[in-house]
Amino acid sequence: MTNKKTHRDSLNVEETLISSEAFIEKYKKPIMYAFIAIIVLVAGYFLYRNFVTKPREEKANELIFKGQQYFATDDYEKALNGDGQGFPGFVKLADDYASTKAGNLAQLYAGLSYAKTGKYQEAVNRLEGFKDCGDAMISPAAWGALGNCYAELDQLDKATATLLEAARKADNNTLSPLYLLQAGEIFESQGNKEKALECYNEIKSKYVNSMQYADIDKYIERASK
């Protein structure tokens, strides 16, 4: 009985091997082409990353540094549009290097520079194009700046929603209470004291180590009347 079972198993294995060999022989060329295609794709990815993406990222990083210096000294015109001496400006940098991390950061700087010069719609256009970079401070700050620009354009519902999202994203004693306070004041200006109180009470209960905590009772008292 055991010998018969072993014989059957052997036949099954042989049949499987024969079927496999027949399959490979029949589809030899498609299999080979698929294998070559995978190699080409993998090789292409590494070549593109090392000879295109990486050099572009390095070049964008090199360029953005000068712009950050202009931004730090409040020279927003040069920060935005360049200095004619090698730095193209955050606007061009953001557009030309959009696929890079530095290009994305230039988008943020362009938005902040526009906001600093009172060009809030241009600021919104840039800040809306900024992609969340995953940084615990930069991304929430970008949302907060966008919320304030909406407020300047009298788009108050957008402003409060964005500021609350910025506070949620940050979840720290530095940024969250600031954006909650700003959202609360906008809610008050709209006559929505209930929502304002929610913002103020969140600061009082959650961010006791923040600067805003020291005066939050004044805001709570005002919104409670």
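None of the figures in this text is laboratory data; all of them are computed from the coordinates on show. Just so you know, these numbers come straight off a predicted model, no measurement behind them. Virtual Cβ from ideal backbone geometry, glycine too; neighbours counted across all protein chains shown.
At a glance:
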{"item": "Some residue of segment 204-214 being aliphatic (A, V, I, L, M), over 20 Å from the mean Cα position of the chain (by Cα) and part of a helix (DSSP H, G or I)", "result": "yes"}
{"item": "Residues of segment 113-127 classified as in a helix (DSSP H, G or I) and surrounded by fewer than 21 Cβ atoms within 10 Å (Cβ to Cβ), total", "result": "5"}
{"item": "Residue in segment 92-99 that is surrounded by 15 or more Cβ atoms within 10 Å (Cβ to Cβ) and either outside any helix (DSSP H, G or I) or touching a Ser or Thr at 6+ places or on another chain (Cβ under 9 Å) (or both) present", "result": "yes"}
{"item": "Pairs, first over 20 Å from Leu175 (Cβ atoms) in segment 187-209, second surrounded by fewer than 12 Cβ atoms within 10 Å (Cβ to Cβ), C-beta under 8 Å, six or more apart", "result": "Lys193/Ser224; Leu197/Ser224"}
{"item": "Test: Glu221 is surrounded by fewer than 16 Cβ atoms within 10 Å (Cβ to Cβ), of a type outside the set (Lys, Arg) and assigned to a helix (DSSP H, G or I)", "result": "yes"}
{"item": "Test: residue in segment 74-86 that is surrounded by fewer than 16 Cβ atoms within 10 Å (Cβ to Cβ) and assigned to a helix (DSSP H, G or I)", "result": "yes"}
{"item": "Pick from segment 124-139, criterion within 28 Å of Asp154 (Cβ to Cβ) and of a type in the set (Asp, Glu), ranking: farthest from the chain's Cα centre (by Cα)", "result": "Glu128"}
